[in-house]
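Notes follow once the structure below has been shown.
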Amino acid sequence: MRLHYFQHVPFENPAFLLSWARRKGHSVTKTLLYAGDDPLLSPGYDLLVVMGGPMGIYEHDKYPWLIKEKDAIRRAIEANKFVLGICLGGQLIADALGGPVTRNAQKEIGWMPLTQTDEVSTLRPFDIFPRQYLALHWHGDTFAVPPGAVLQSSSAACENQGFLYKHRVIGFQYHIEATEASVGALVDNCANELMNAPFVHEAQRIRSDTARYHKDANALIERMLQRWLS
């Protein structure tokens, strides 16, 4: 299998997904948008992963490559590729599919529980997910579920946490790919977002919770990928 990913900032790469791909013998290519790479895609890939970042999907003036990236995402979906978006990536996919992205009522940062919806629990690949599980959250915006998609999960702070579109497109608001290294990089580079708020955890708690919980989250996404891509 051939995996290609879009990366928006130097400190937020696919983390566990990279080690999973290498272990499985999959080829990996990348577009580093922050470095000026063009998001135009050749047809030689099977799975497109769209990563997170601190920017908003509407900041076209500051990040003009967002316009081309959204077009590349639409083309990937139209080409019937597997497409997975994480945090900002999920928002970009939602926007490309007609699901508005807006400010969430609460900032949500830290390891917090999610509840999977009944509607998606019988659909592949989410039929192997537990009803409740933990994942890392780090966002202030949220997406509306796009037309034709199914809501995948919700949390106490954010109703729309994930969606499944036509079985081949998945958008997550949360970071199920998180590792100790990737979360450490987020804390180091985005500590200014760790304000005193109901759903925002302190840096040390985020680091310690990552050490406790990331392996379970990674095992869950690996099982999901195996079922989804097979």
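The values are calculated or read from the model by the stated rules, or taken from the named source; none is laboratory data. Because the structure is a prediction, the values reported are computed rather than measured. As a convention, Cβ positions derive from the backbone with ideal geometry for all residues, glycine included, and neighbour counts pool all protein chains shown.
Here are some notes:
Results for (1) in contact with a Ser or Thr (Cβ under 7 Å, 6 or more places away or on another chain); (2) in a loop (DSSP other than H, G, I, E, B), shown as yes or no for each residue.
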site	(1), (2)
84	no, no
91	no, no
102	yes, no
112	yes, no
120	no, yes
124	no, yes
142	yes, no
156	no, yes
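- When every residue of region 207-217 is checked against the conditions, at least one turns out to be touching an Asp or Glu at 6+ places or on another chain (Cβ under 6 Å), assigned to a helix (DSSP H, G or I) and either at pLDDT below 95 or crowded, with 19+ Cβ neighbours inside 10 Å (or both).
- Residue, farthest from residue 84 (Cα to Cα), within region 158-202, restricted to residues that are assigned to a loop (DSSP other than H, G, I, E, B) and of a type in the set (S, T, N, Q): 196
- Inter-residue pairs, beta-carbon under 6 Å, first closer than 14 Å to residue 101 by Cα and in region 145-169, second of a type in the set (Asp, Glu) and not in a loop (DSSP other than H, G, I, E, B), 6+ apart: 158/108
- The set of residues in region 1-47 being under 16 Å from residue 224 (Cβ atoms) and aromatic (Phe, Trp, Tyr) consists of 16, 20.
- Residues of region 121-133 include none that is on the phi > 0 side of the Ramachandran plot and surrounded by 20 or more Cβ atoms within 10 Å (Cβ to Cβ).
- Options 157, 178; residue that is of a type in the set (Gly, Ala, Ser), touching a helix residue (DSSP H, G or I) at 6+ places or on another chain (Cβ under 8 Å) and surrounded by 21 or more Cβ atoms within 10 Å (Cβ to Cβ): 178
- Pairs, first more than 12 Å from residue 81 (Cα to Cα) in region 37-50, second among the hydroxyl-bearing types (Ser, Thr, Tyr), C-beta under 8 Å, six or more apart: 37/31; 38/31; 39/31; 50/5
- Hits in region 1-47 (condition: assigned to a helix (DSSP H, G or I) and touching a His at 6+ places or on another chain (Cβ under 9 Å)): 16, 20, 33, 34
- Qualifying residue in region 143-153 (condition: aliphatic (A, V, I, L, M), closer than 22 Å to residue 204 by Cα and touching an Asp or Glu at 6+ places or on another chain (Cβ under 7 Å)): no
- Single match in 85, 56 (criterion: at pLDDT 95 or above, surrounded by fewer than 22 Cβ atoms within 10 Å (Cβ to Cβ) and under 22 Å from residue 144 (Cα atoms)): 56
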